[in-house]
Every structure is written in structure tokens, then in C-alpha cells.
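In what follows, a structure is listed as C-alpha cells, so that the remarks can point back to it.
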Amino acid sequence: MKHISKDDIVTIPEGVTVDIKSRQITVTGPRGTLKRDFRHIQMDIQRPSKSEIRVIVWQGGRKHVACIRTVCSHIRNLITGVTKGFEYKMRFVYAHFPISANIDQKGEETTVEIRNFLGEKVVRKVPMHPGVSVVQSTNVKDELVLTGNDIDSVSQSAASIQQITRVRNKDIRKFLDGVYVSSRDTIVKDA
């Protein structure tokens, strides 16, 4: 069954400007600017008033209508990124061989080097996405803190670190070593 039209509305908070041009959205806020391209999805993105965005799908089936919520969630994440930012905390988990991490900063590029994983001599290197900063926590032992404005870049960097420390050719019920995401939050905490 096709729906004639379905829509959803995203509200824009104070201090955030949103520019829409042919399904390319640019969001500017106190923490910076983020851009997102939605030209691959057939839908209307309109600006009925200064403080809201309307996403409309015409003659859409079930899967096409489901894209409305996805696009609205992406826009909300852009707004949250430029106002509050995103913070992922990762913990080192090991039973015997202590995992150590070294953060290598060369110009704009940041690389996380993971050593002594399961006692191996191999140095695992993970390049961070642009706009993601990594620091080792000072008050908590064996913790990395990833911060940035773009949720895709921050979460993909955390996933890359977690994936490179997967245990292979061993019983994963017994060998639980790795670097895992322990918490996801915004940099600016809600009061």
C-alpha cells in the first residue's frame, strides 16, 4: 500500500543555523559546522518556519516511508553534534597481558597504537577519522576517551579500535581481552 504523503518535523534550537540546498544540509552551531548529503533518498526537505524542518515522502511504500525517521535522526544528530558534541569512552579488558595504548599525533592525523594485546609483539595501528580527538583518561586506569562533533566519525573510530582487538582462533568465551566501548554520551552534559 502506498501512502500519498507522510512527513515528520525536526525542531531547530536557538543558536543553530541550518542551510538546506537540494537535499544537502549544513548545520552550524557553537562547536562548528557539519554537512550531510541526502541526495540519494527521494524526498522533500522543506523549511516551513525558521525553527523547524519538514521531511516529506510522496507516494512512498513501507521501506521508503521508513527513510523519513532515519533522515530526521541524522539531522538531530547533526544538531546535537554542533551544540553538545559526542564522547565515547573505551576500556581495556585483559586477564593477564596488560594492553597498552599510545596516541601518535602527526599534524592533522591521529593514530592509536595498541601494544601487548594477548602478549603479541604485533603493534596494531588505528587511524582516527578527521575531527576525532583521542586522549587517555587521567582519573581512570586503562581508558581511552574519543570526542568529536560528528557522531559517525566518533563511533566509527571507536568501532575500528574495538575491531582491531578481536580475538581470533581462540575460544572467545574464555579470551575476553579487548578494547570495548564502556559509555556513550555528549561532551556538554545536560543539567
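Please find, within the range 1-56, the residue that is nearest to Ser133 (Cα to Cα) out of those that are of a type in the set (D, E, K, R) and touching a residue at least 60 places away in the same chain (Cβ under 8 Å). Looking at residues that are of a type in the set (D, E, K, R) and touching a residue at least 60 places away in the same chain (Cβ under 8 Å), I get Arg31. Of the residues in the range 80-94, not one is part of a loop (DSSP other than H, G, I, E, B), open to solvent by 20 Å² or more (accessible area, probe 1.4 Å) and among the small types (Gly, Ala, Ser). If the condition is being farther than 11 Å from Ser5 by Cβ, touching a strand residue (DSSP E or B) at 6+ places or on another chain (Cβ under 7 Å) and part of a loop (DSSP other than H, G, I, E, B), then the range 40-60 contributes only Ser51.
Applying a threshold of 8 Å to beta carbon distances and a minimum spacing of six or more residues, or different chains, the list of pairs starting in the range 59-82 at a residue that is touching a residue at least 12 places away in the same chain (Cβ under 8 Å) and ending at one that is polar (S, T, N, Q) and surrounded by fewer than 17 Cβ atoms within 10 Å (Cβ to Cβ) reads Gln59/Ser5; His64/Gln42; Thr80/Thr186; Val82/Thr28; Val82/Thr33. Go through the range 36-56 and give me each residue that's basic (Lys, Arg) and within 18 Å of Ile68 (Cα to Cα). Passing the criteria: Arg36, Arg39, Arg47, Arg54. Among residues that are without any contact (Cβ under 8 Å) to a residue 24 or more places away in the chain and either of a type in the set (Asp, Glu) or more than 30 Å from Ile25 (Cα to Cα) (or both), Arg124 is not included. The set of residues from the range 12-39 being surrounded by 13 or more Cβ atoms within 10 Å (Cβ to Cβ) and assigned to a strand (DSSP E or B) comprises Val18, Ile20, Gln24, Ile25, Thr26, Val27, Thr28, Gly29, Gly32, Thr33, Leu34, Arg36.
The values are calculated or read from the model by the stated rules, or taken from the named source; none is laboratory data. In this text, all values refer to a predicted model and were calculated from it rather than measured experimentally. No Cβ is skipped: glycine too gets one built from the backbone with ideal geometry, and neighbour counts run over all protein chains shown. Surface areas here come from the heavy atoms of the whole protein model, side chains and all, with no ligands, DNA or RNA. Shrake-Rupley method; radii C 1.70, N 1.55, O 1.52, S 1.80 Å.
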